[in-house]
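To keep things clear, I will list the structure first and then write my remarks on it.
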Amino acid sequence: MKAFIVDKYKKGRALRLGEMPDPLLTDTDVLVQIHAAGLNPLDAKIRDGVFKPLLPYRPPFILGHDMAGVVTRVGPKVRGFKVGDTVFARPRDGRVGTLAEAIAIHEADLALKPKNLSMAEAAAIPLVGLTAWQALVEQAKLQKGQKILIHAGSGGVGTFAIQLAKHLGATVATTTSTTNVDLVKSLGADVVIDYKKQDFSKVLSGYDVVLNSLEGDTPEKSLDVLKQGGKLISISGPPDPEFARQQGLNGVLRLLMRLLSFNIRRKARGRGIHYSFLFMRADGGQVAQITSLIEAGIIRPVMDQVFPFEATNEALAYVETGRSKGKVVVALC
Ligand SMILES: NC(=O)c1ccc[n+]([C@@H]2O[C@H](COP(=O)([O-])OP(=O)(O)OC[C@H]3O[C@@H](n4cnc5c(N)ncnc54)[C@H](OP(=O)(O)O)[C@@H]3O)[C@@H](O)[C@H]2O)c1
């Protein structure tokens, strides 16, 4: 089958469009013909080798974390899906590779595609939807009436998280640049901080939760926004010891993560704030709950561009500019 392949870890190196063996199916796997694959900054980071210590994929391997398509075969123990179903997923770590004509996915990672979305729209959802769900519902336990700051509201994660937070009944502030102010307002943001003109840490205070997806001094400045007892949940680092424990990392990596997050954890603790790092995980049950919200019209995908499959390298380069509004997807058929 055709696939976009990482032959060698290297920053910015183009993926190779080539032939790979058809996927092998285990008893609990579903074989999916991929119609569209969503791209994420994680794809570029994996290609660059940034995640090698955590996710040691051995080249040559197929890149890609999001997909929508049609079930063409099911393993003998699969109970939830049948041939012909339209599905979408973020396959579990270690078994990614959606930039291809087909993929075998554990049925626990899969959900039925929302009926009101195209394949391209559905492929835009799983990774960012699961990230927002696990941050807001699982970790923050966001309640009606609470206040949340969602950084980078116009990005893939931000556009989904704003809508989910509004659905949960929170007051939502977000950061974005001037050109995206109308977009984030249309998604329900109550307070919009144009980071070109304002410093969010000087404007906002008394927040219950911050969802951070930015680097540099943003995690630390976000502490100024939170009230005592508040939660700073970061998806772009620094990773904390609890994350290292959950991932079953070795002693050296555990120590490294303890050191990397030492400062922010100490500063947060000093103010009575809980800091945690989140690395999202595959979960078909949660994707199915997201399907319900989409079919009910509560959450909609925000699409920036759909590229043809052959233009995957151009699509990934566009994602890497960090300027996309919502999601970037490649379409196979
Ligand atoms: N740990 C995890 O499980 C996990 C999961 C998903 C994503 N992530 C990480 O989270 C980050 C965001 O992911 P994403 O998919 O949302 O990325 P994305 O879609 O590429 O984000 C692009 C958006 O970020 C906005 N942006 C850039 N700099 C900004 C700033 N200083 N302030 C406010 N907005 C800014 C841009 O808006 P403007 O053009 O207006 O600046 C653009 O709309 C990435 O680093 C990704 O790797 C981690």
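Do you know which of the residues in region 94-128 that are part of a helix (DSSP H, G or I), open to solvent by 10 Å² or more (accessible area, probe 1.4 Å) and not charged (D, E, K, R) is nearest to residue 273 (Cα to Cα)? Here the residue is 127.
Those residues that are in contact with a helix residue (DSSP H, G or I) (Cβ under 7 Å, 6 or more places away or on another chain), among the small types (Gly, Ala, Ser) and free of Cβ contacts under 8 Å to residues at least 24 places away in the same chain, I need them from region 206-254; list them, please. Within region 206-254, 244 is the sole residue that qualifies. Number of residues in region 143-156 that are crowded, with 24+ Cβ neighbours inside 10 Å and in contact with a strand residue (DSSP E or B) (Cβ under 8 Å, 6 or more places away or on another chain): the value is 8.
Within region 41-56, is even one residue within 22 Å of the chain's Cα centre (by Cα) and away from the ligand (no atom under 16 Å from the Cβ)?
First pass over region 41-56, keeping only residues within 22 Å of the chain's Cα centre (by Cα): 41-56.
Narrowing further to those that are away from the ligand (no atom under 16 Å from the Cβ): 56.
Yes: one or more hits.
Residues considered: 315, 331, 244, 311. Of these, the only one that is touching a strand residue (DSSP E or B) at 6+ places or on another chain (Cβ under 6 Å), farther than 23 Å from residue 110 by Cβ, open to solvent by less than 40 Å² (accessible area, probe 1.4 Å) and among the small types (Gly, Ala, Ser) is 315. Can you name the residue in region 274-292 that is among the hydrophobic types (A, V, I, L, M, F, W, C) and open to solvent by 20 Å² or more (accessible area, probe 1.4 Å) and, of all such residues, is farthest from residue 225 (Cα to Cα)? Selected residue: 288.
Between 176, 131, which is near the ligand (Cβ under 8 Å from one of its atoms), in contact with a strand residue (DSSP E or B) (Cβ under 8 Å, 6 or more places away or on another chain) and open to solvent by less than 40 Å² (accessible area, probe 1.4 Å)? Talk me through it step by step, then tell me what you get.
Values: 131 fails: in contact with a strand residue (DSSP E or B) (Cβ under 8 Å, 6 or more places away or on another chain).
Criteria check complete, one pass: 176.
From the list 214, 164, 168, the one residue that fits, being closer than 30 Å to residue 328 by Cα, within 16 Å of the chain's Cα centre (by Cα) and open to solvent by 40 Å² or more (accessible area, probe 1.4 Å), is 214.
Does residue 287 satisfy the criteria of being within 14 Å of the ligand (Cβ to nearest atom) and of a type in the set (A, V, I, L, M)? Before the answer, list the steps.
Working: within 14 Å of the ligand (Cβ to nearest atom): no; of a type in the set (A, V, I, L, M): yes.
So residue 287 fails the test.
For the structure I just gave you, tell me whether residue 269 is of a type outside the set (Val, Ile, Thr) and touching a residue at least 24 places away in the same chain (Cβ under 8 Å). Judged against the criteria, residue 269 is not a match.
For region 255-267, the criterion of being within 21 Å of residue 130 (Cβ to Cβ) and not aliphatic (A, V, I, L, M) is met by none of the residues.
The values are calculated or read from the model by the stated rules, or taken from the named source; none is laboratory data. Note that the structure is a prediction, hence the values are computed from the model and not measured. Backbone-built Cβ (ideal geometry, glycine too); neighbour counts: all protein chains shown. Quick note on the areas: whole protein, heavy atoms, side chains included, nothing else; ligands and nucleic acids left out. Shrake-Rupley method; radii C 1.70, N 1.55, O 1.52, S 1.80 Å.
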